[in-house]
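Have a look at the structure below, then the notes.
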């Protein structure tokens with residue numbers, strides 16, 4: 001397991017498994033030529049997963065801040081150069097930073113071509129933070145499905161997932177653990193300055209002891225769900 005995966009947020013790591021199931025069960029026979037990433041980068045975990053399985057594709061990044069082609073998800077999107085162009089659209093951990101959810105999902109689905117696929121995830125439950133802008137503590141899969149079906153897509157795969165440990169570290173300790181920190185709470189802070197790690201170990205000992213007592217078993221549709229995911233396909237027009 002490489003360093004980048006170890007440092008990946010625990011929720012994003014958990015979602016890798018469900019993205020893999022979506023690809024294998026729904027779109028394994030399709031070749032991706034054009035992939036759009038909304039609000040992310042060329043290093044998204046989903047893209048890393050596709051590359052590791054030998055998929056070849058071309059990526060276009062749409063940034064909600066500065067990276068890639070700027071895209072304001074709160075307002076209608078009318079750039080004909082990109083509408084209905086992509087075989088796969090990925091939008092991960094972005095929607096909580098958008099105030100106009102309905103318009104954002106119209107834009108995201110508008111990027112996919114007819115018959116194209118979309119993978120969308122966001123928090124189910126998070127604690128308030130201000131980076132960059134923050135408008136929602138999360139959405140249930142039912143909430144996303146309700147909006148998405150209005151945009152002309154078929155819901156193929158969706159759910160909510162989390163662990164007791166991730167939920168309580170997020171809400172009770174106000175800490176977003178990496179995959180490694182989630183698996184081994186006593187390594188909290190390991191990705192920062194190694195020289196200061198012994199001091200952090202002592203300072204956080206009681207918190208880490210508490211976190212170690214919480215289950216790290218992945219559960220779907222539980223009170224400990226922290227991540228929502230939806231995989232869908234854009235409807236092919238009958239006209």
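Readers should treat all values here as calculations from the given coordinates under stated rules, not as data from a laboratory. Everything numeric here is computed off the predicted structure, so don't read it as measured data. Using ideal geometry, Cβ is built from the backbone for each residue, glycine included, and neighbour counts are taken over all protein chains shown.
For a Förster distance of 22 Å, can you work out the FRET efficiency between the beta-carbons of residue 216 and residue 140, rounded to the nearest 0.05? Step by step, r from the Cβ atoms, then E = 0.45. Between region 170-210 and region 79-111, what is the C-alpha centre distance in whole Å? Going from one Cα centre to the other spans 35 Å.
Take every Cα-Cα pair in region 34-84 and report what % of them are more than 18 Å apart. Tail of the P(r) past 18 Å holds 35 percent of the pairs.
Would you mind telling me the antiparallel percentage of the DSSP bridges in the chain, rounded to 5? Beta bridges within the chain, antiparallel portion: roughly 55 percent. For a label point 7 angstrom out from the Cα of residue 29 toward its Cβ, which stretches of region 143-172 have the backbone nitrogen within less than 19 Å? Counting backbone N atoms under 19 Å from the label point, the list is 154-157.
If you run the Gaussian network model on the chain, springs between alpha carbon atoms under 10 Å, then out of 202, 149, 37 the most flexible one is 202. In a GNM of the chain with a 10 Å cut-off on Cα contacts, which of 62, 32, 175 has the highest mean-square fluctuation? Of 62, 32, 175, the Gaussian network model singles out 175 as fluctuating most.
Taking every alpha-carbon pair under 8 Å whose residues sit at least 6 apart, region 1-149 reaches a relative contact order of 19 percent. When the Gaussian network model of the chain links Cα atoms closer than 10 Å, the mean-square fluctuations of 217, 34, 113 top out at 217.
From least to most packed, judged by other beta carbons within 10 angstrom and beginning with the fewest, 12, 75 follow the order 75, 12. Taking the longest Cα principal axis of the chain as reference, the axis of helix 10-26 is set at about 40 degrees.
Would you work out the relative contact order for region 144-239, in percent, from Cα pairs under 8 angstrom that are 6 or more residues apart?
51 percent.
Contact order for region 72-152, expressed relative to its length and based on alpha carbon pairs under 8 Å spaced 6+ residues apart, stands at 33 percent.
R0 = 22 Å: FRET efficiency of residue 174 with residue 5, Cβ-based, nearest 0.05?
The pair residue 174/residue 5 has a calculated efficiency of 0.35.
Dividing the C-alpha radius of gyration of region 63-123 by 2.2 N^0.38 Å, with N its residue count, gives 1.05. Checking [x] 12.1; [y] 17.6; [z] 13.5 against the coordinates, the calculated mean projected area of the Cα convex hull in nm² falls under label [z].
Which residues does the label zone of residue 203 cover in region 108-130, counting backbone N under 17 Å from a point 7 Å along Cα→Cβ? Within reach of a label on residue 203: no residues.
If you wrap the tightest convex hull around every Cα atom of region 165-212 and split its volume per residue, you get 63 Å³.
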